[in-house]
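Rule-based calculations on the coordinates, nothing more; no lab input. Values in this document were obtained by computation on a predicted structure and should not be read as measured data. Backbone-built Cβ (ideal geometry, glycine too); neighbour counts: all protein chains shown.
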Amino acid sequence: MSEDKSALDYFPPQLAHTSLSAAAQHCKGCDLYKDATQAVFGEGSLSAKIMFVGEQPGDEEDLSGHPFVGPAGKILRKAFDETGLDPTAAYITNVVKHFKWKPRGKRRIHEKPRLGEIAACTPWLGAEIEIVKPSVLVCLGATAAQTLFGRDFRITRMRGQWLASEFAPRSIATYHPSAILRAPNSDARDKMYSELSSDIAKAVAMANNSAI
Ligand code: URA
Ligand code: SF4
């Protein structure tokens, strides 16, 4: 993503966002649009101080058209609730806008996007960051963190730390909420959830105190 200014800097944010999310519905930048119901664009406040970036929409997001409304979203929204963050005051999005899945019986199982698909899709995320200009950017999981901070980024080692980036004055990464759903036992699940929730609390406190 480029740091250069663009015409987007001069667009009214609502207009720019509405046209981008509408345009994403016609995107054929990679093959993922073929098997998805619709593109799921980011949502929330366009003047949000805090932006959350996940991986890609899941089954329920694909059907509803809204990010983080399924099981992972419930965990995320629980953590928001506990830190007093109103989700409509945040901006919530994903690196990849179409759901990638494979069939298993009658279910659609999430598949990780390939690097080429991620690279094809990141201009949308770049434009969202340009419009919202968050003070604090929170990467949820390895796909988001590696897209923004490079392939060597490891959530287990580097979560919960402030990171330098060109995307926002402050950035931080934490677990993806679906990693918590896949935890091997309830102790592991509780520990991951409390780390996710304290990372989010740290990010929210920074955003609340930020003058930028
Ligand atoms: N997982 C994600 O990464 N994003 C969503 O919107 C839902 C589940
Ligand atoms: Fe376009 Fe992204 Fe959908 Fe691929 S996943 S078609 S790049 S919006």
Quiz item: Filter the stretch 13-43 for residues that are assigned to a helix (DSSP H, G or I) and of a type in the set (A, V, I, L, M); which is nearest to Ala120 (Cα to Cα)?
Solution: Leu32
Exercise. Filter the stretch 44-70 down to residues that are more than 16 Å from ligand 2 (Cβ to nearest atom), surrounded by fewer than 24 Cβ atoms within 10 Å (Cβ to Cβ), within 15 Å of the chain's Cα centre (by Cα) and not in a loop (DSSP other than H, G, I, E, B), then give me how many there are.
Key: 1
Quiz item: Inside the stretch 2-12, can you point out the residues that are free of Cβ contacts under 8 Å to residues at least 60 places away in the same chain and in a helix (DSSP H, G or I)?
Solution: Ala7, Tyr10
Quiz item: Do we find a residue being closer than 28 Å to Glu166 by Cα, more than 17 Å from the chain's Cα centre (by Cα) and not aromatic (Phe, Trp, Tyr) anywhere in the stretch 76-86?
Solution: yes
Quiz item: When residues of the stretch 134-170 are filtered for being within 23 Å of Lys78 (Cβ to Cβ) and touching a Phe, Trp or Tyr at 6+ places or on another chain (Cβ under 8 Å), how many remain?
Solution: 10
Quiz item: So which residues in the stretch 111-165 are more than 20 Å from Lys49 (Cα to Cα), of a type in the set (Gly, Ala, Ser) and part of a helix (DSSP H, G or I)?
Solution: Gly116, Ala119, Ala120, Ala142
Practice problem: Being under 19 Å from Asp4 (Cα atoms), without any contact (Cβ under 8 Å) to a residue 12 or more places away in the chain and within 14 Å of ligand 1 (Cβ to nearest atom) is the filter here, so list the residues in the stretch 104-146 that pass it. | Solution: none
